[in-house]
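Peer 1: Sharing a structure here in structure tokens format.
Only the coordinates and a few stated rules stand behind these numbers; no lab work does. Remember, predicted model here, so these are calculated numbers, not experimental data.
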Amino acid sequence: MRANMDPLTPTTSTLPPAISHIATISASIHSASDAQRKKDTVRWVVNTPDRMRRLIAQGRREDALAEWAVAMKLMAKWTNVGNDDLDRIKKRADEVLKERE
């Protein structure tokens, strides 16, 4: 019986490197998708004033204010973003809100 198992030893010895390779690829895919999510979130926040303008034009001011509230919460967490950039987004949103008062 032992003689029958010896041929399997080379096969089982290649399993840990294969698992390690799969784990490495999985981790890199996860980090790439995480980076993409971050980019998508930034893009969403930057485009919030434009979405607000469209929503207000459709008579959906409350929805526009809700979107702005979410964007403000996200921007409050961004410590690595320059204040000038955030101020520009806030200024655009304020202008949108004042246009339709």
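Peer 1: Calculate, in nm to one decimal, what Glu62 and Asp84 gain on full extension: separation in residues at 0.36 nm each, minus their alpha carbon distance.
Peer 2: Gain on stretching Glu62 to Asp84: 5.2 nm.
Peer 1: Looking at the square roots a ≥ b ≥ c of the eigenvalues of the Cα gyration tensor of segment 47-101, which shape do they give, rounded for a/c under 1.5, prolate if a/b is larger than b/c, or oblate? Don't skip to the end; give the middle numbers.
Peer 2: Details: a/c = 2.97, a/b = 1.85, b/c = 1.60.
Note, shape of segment 47-101 comes out prolate.
Peer 1: Relative contact order for segment 31-101 using alpha-carbon pairs under 8 Å, separation at least 6, rounded to a whole percent?
Peer 2: Relative contact order of segment 31-101: 36 percent.
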